[in-house]
Amino acid sequence: MLATLTAVVVFALRSQGSSNGDTTGGAGHQGFGHVHGIAVDPGSGALHVATHVGLFRVDGPRSAVRVSKDYLDLMGFTVVGPGHYLASGHSAHGPANVGLIESTDGGVTWREKSLSGTADFHGLQVAHGSVYGYNSVDGEFMVSGDQRDWEHRSRTTIGAFAVSPTDDGTVLAVGRDGLQRSTDGGRSWQPVPEAPAVGLLTWDHTGVWAVAPDGAVWSSSDGGGQWQRRGAAPAEPHSFAVQDGTLFAALAGDRIAASTDGGATWTDRYASE
């Protein structure tokens, strides 16, 4: 079944702070708190984190700037290209669930694309020319080729998911009973035998990467068939990502850590204290 919404409306965004964004740190600032998404802009190379109070850009070990003019509660976030992002969540203005929204200016302003008021994507990924999303409102796994018309492929209960970078039909997802695999683009799901108990996962050309609630980092070079324990994050991550072989983990206390050796060792990319 396809759901069609064609209206594209620019959000009436509330400006707070300076035109260059709010900077974390300093007296009285509350920081960015829980992180729902991490991604690197392929144009600038800047690390971005999506939070309950907007989108932040990490400029240094003690510098993180809120680039979004509105205090958007971002529950899903993905990068399409340089300065071009998609997200979902909630806004202080308009409908409680913003559906799919888009920014083409590096996250400063956002406009509605589709499903306003009906979708709250807690997972988004752009792959193979399509957007894959998990709508937490009704448990629908959905795919769109144009960001407006959506195919409802299955109703399931999953958390994080990752689409194969080489096969548009293969998707891994964290389900209630462990890791799940779909080989038909999310229309049906089967348990992955002997997979580690993980909470977050991501997939790029270096393989599948996953992290357990205790911080243990696992990788698979064959799409989830065989797994190797590689190391451990400094604490349980809120969010997890990989970019060109570098792992990123968002931890409690406004801390972003990175590993360039598969999770064996970690260094702070940002820490508020």
Looking only at segment 128-164, count every residue that is closer than 25 Å to V192 by Cβ, part of a loop (DSSP other than H, G, I, E, B) and in contact with an Asp or Glu (Cβ under 9 Å, 6 or more places away or on another chain) and tell me the total.
3
If you check every pair at least six apart or on different chains, which have Cβ atoms under 6 Å apart with a residue in segment 194-223 that is more than 15 Å from T166 (Cα to Cα) first and a residue that is among the basic types (K, R) and surrounded by 17 or more Cβ atoms within 10 Å (Cβ to Cβ) second?
V217/R230; S219/R230
Quick one: D268 ticks every box in (1) farther than 19 Å from A39 by Cα; (2) part of a strand (DSSP E or B) except a single one, so which number is it?
(1)
Return yes when L115 is under 21 Å from P42 (Cβ atoms), out of contact with any Pro (no Cβ under 6 Å at 6 or more places or on another chain) and at pLDDT 95 or above and no when it is not.
no
Need at least 2 residues that are surrounded by fewer than 15 Cβ atoms within 10 Å (Cβ to Cβ) per element, so show me which strands (runs of 3 or more DSSP E) inside segment 171-257 make the cut, counting only ones lying wholly within it.
228-232
Hey, among the residues in segment 40-63 that are of a type in the set (D, E, K, R) and not in a strand (DSSP E or B), which one's modelled with the lowest pLDDT?
R62
Evaluate the following for W218: is it farther than 24 Å from L74 by Cα and not hydroxyl-bearing (S, T, Y)?
yes
Please go through segment 101-116 and give me each residue that is in a loop (DSSP other than H, G, I, E, B) and of a type in the set (D, E, K, R), ordered by number.
D105
Do we find that A96 is in contact (Cβ under 8 Å) with a residue 60 or more places away in the chain and among the small types (G, A, S) in this structure?
no
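The values are calculated or read from the model by the stated rules, or taken from the named source; none is laboratory data. Because the structure is predicted, anything quoted here is derived from the model rather than measured. Reconstructed Cβ throughout: ideal geometry from the backbone, glycine too, with neighbour counts over all protein chains shown.
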